[in-house]
Amino acid sequence: MRTDDGHDLRHHGDAEVRDDGAELVDLAVNVRAGTPPKWLRERIAASLTGLAAYPDGREARLAVARRHRVPVERVLLTAGAAEAFVLLARALKVRRPVVVHPQFTEPEAALRDAGHTVDRVLLRAEDGFRLDPAAVPEEADLVVIGNPTNPTSVLHPASAVVDLARPGRTLVVDEAFMDAVPGEREALAGRTDVPGLVVLRSLTKTWGLAGLRIGYVLAAPETVGELERAQPLWPVSTPALVAARDCMGRDAVAEATSAAHRIMLDRDRLVAGLEELAPAGVRVTGPAQGPFVLVRVPDGTTVRRRLRDLGYAVRRGDTFPGLDEEWLRVAVRDRETTDGFLSALQRALRPDRDG
């Protein structure tokens, strides 16, 4: 879906590593490397013996409720967070939806597909892409924001996000990457005191389940009911339900917490290396708090093409409203991969110095 201003809202990171990009080192997709872990693969595989029965989501739904300490009536399981955006766009009766950009483009695409006219609030690079609640029109009855935001990696204070709540307004907070933040600080999942709050979570990034499609919604029971009525029967498969149930357990949460700390250290190395390239025109958006980093480089289209020639795929930024072709998003990876990428980026920025 290409909007009048030229942004392709349906372009996502996986497009960078399809076809001729399949052999590239993937820094375009934000799924954690080395996942899913062996124990999770084994439990998903074991669930295949039960495929003759229709999916039963009660255990998984209860597990999510326990994980966030909310009543089970406040939980809806979805085929990834992307399905939740479609349900919100189709089921809720809204007159003036607003999407805070730059952010994941699927919420706006889903709203447009459902026939809505979407207003945008564009956060500015010179402000560090930080949220100003006052910039959102008072008339907005649906507001969508990511936290931490894809692609900026900005973690907005929970207090600033809560300031967007109003009576009669639905406030949708996409927390798909919140479990990659140590301690999940600034999370709103589990809050029941914020009027109109809808929190979306995804299990596909941290646990490497993008191909399985599993996520969930946390909202008031009446909102959950509206969304559930818009879902088809049995929307989440049995293997995905098993994954949801088991990723909510104490050991799994501890594993995710440990992974978040490793991501933080790996991100620090990536950011430090990028900042060393400042003399070549590289600018890092910070402080980055997600499992990816947004950078600005001179002639980003050319640099991205040169990186592909050197074996690395990064996410183009110009499909995000509020960004142009000079912006690139880079996934956080292990030390060896990061060092290889930084070396390739240095060459891509200064091809005239190659021997």
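The values are calculated or read from the model by the stated rules, or taken from the named source; none is laboratory data. Note that this is a predicted model, so its numbers are computed, not measured. Using ideal geometry, Cβ is built from the backbone for each residue, glycine included, and neighbour counts are taken over all protein chains shown. Keep in mind that these areas ignore ligands, DNA and RNA; they rest on the heavy atoms of the full protein, side chains included. Shrake-Rupley method; radii C 1.70, N 1.55, O 1.52, S 1.80 Å.
Here is how the numbers come out for the structure above:
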{"read-out": "Test set (1) surrounded by fewer than 17 Cβ atoms within 10 Å (Cβ to Cβ); (2) assigned to a helix (DSSP H, G or I); (3) in contact (Cβ under 8 Å) with a residue 12 or more places away in the chain - Ala272 fails condition number", "value": "(3)"}
{"read-out": "Residue list for region 189-218, filter: within 18 Å of Ile145 (Cβ to Cβ) and of a type in the set (S, T, N, Q)", "value": "Ser202"}
{"read-out": "Search result, residues across region 108-140 that are of a type in the set (Asp, Glu) and open to solvent by less than 10 Å² (accessible area, probe 1.4 Å)", "value": "Glu108"}
{"read-out": "Residue within region 158-175 that is closer than 16 Å to Gln289 by Cα, more than 16 Å from the chain's Cα centre (by Cα) and open to solvent by 10 Å² or more (accessible area, probe 1.4 Å) present", "value": "yes"}
{"read-out": "Any hit, region 85-97, residues being farther than 20 Å from Arg229 by Cβ and modelled with pLDDT of 95 or more", "value": "yes"}
{"read-out": "Residue count for region 133-182, restricted to those that are of a type outside the set (Asp, Glu), touching a residue at least 40 places away in the same chain (Cβ under 8 Å) and not in a loop (DSSP other than H, G, I, E, B)", "value": "9"}
{"read-out": "Residues located in region 93-107, provided they are aliphatic (A, V, I, L, M) and open to solvent by 20 Å² or more (accessible area, probe 1.4 Å)", "value": "Val94"}
{"read-out": "Yes/no for Gly190 being open to solvent by less than 30 Å² (accessible area, probe 1.4 Å) and either in contact with a Cys (Cβ under 7 Å, 6 or more places away or on another chain) or part of a loop (DSSP other than H, G, I, E, B) (or both)", "value": "yes"}
{"read-out": "Residues of region 174-231 that turn out to be closer than 22 Å to Met264 by Cα and among the aromatic types (Phe, Trp, Tyr), as a count", "value": "2"}
{"read-out": "Answer from Arg306, Arg267 - the residue that is of a type outside the set (Gly, Ala, Ser), more than 19 Å from Lys205 (Cα to Cα) and part of a helix (DSSP H, G or I)", "value": "Arg306"}
{"read-out": "Filter result for Phe320 (touching a residue at least 60 places away in the same chain (Cβ under 8 Å) and within 23 Å of Met264 (Cβ to Cβ))", "value": "no"}
{"read-out": "Where a residue in region 1-21 is hydroxyl-bearing (Ser, Thr, Tyr) and its partner, wherever it lies, is at pLDDT below 90, with Cβ under 7 Å and at least six apart", "value": "Thr3/Leu9"}
{"read-out": "Exclusive hit being farther than 22 Å from Val217 by Cα and either without any contact (Cβ under 8 Å) to a residue 60 or more places away in the chain or charged (D, E, K, R) (or both), set Arg66, Arg120", "value": "Arg120"}
{"read-out": "Region 324-335 residues that are free of Cβ contacts under 8 Å to residues at least 60 places away in the same chain and at negative phi, paired with ones that are open to solvent by 60 Å² or more (accessible area, probe 1.4 Å) and hydroxyl-bearing (Ser, Thr, Tyr) (beta carbon under 9 Å, 6 or more apart)", "value": "Glu325/Thr301; Glu326/Thr301"}
{"read-out": "Given (1) surrounded by fewer than 24 Cβ atoms within 10 Å (Cβ to Cβ); (2) farther than 23 Å from Pro97 by Cβ, index of the condition Ala244 fails", "value": "(1)"}
{"read-out": "Every residue from region 247-264 that is in a loop (DSSP other than H, G, I, E, B), surrounded by 16 or more Cβ atoms within 10 Å (Cβ to Cβ) and over 18 Å from the mean Cα position of the chain (by Cα)", "value": "Met248"}
{"read-out": "Filtered residues of region 69-84 (kept if open to solvent by 20 Å² or more (accessible area, probe 1.4 Å), modelled with pLDDT of 95 or more and assigned to a helix (DSSP H, G or I))", "value": "Val72, Glu73, Arg74, Glu83"}
{"read-out": "Residues being in a loop (DSSP other than H, G, I, E, B) and open to solvent by less than 60 Å² (accessible area, probe 1.4 Å) - total across region 34-52", "value": "3"}
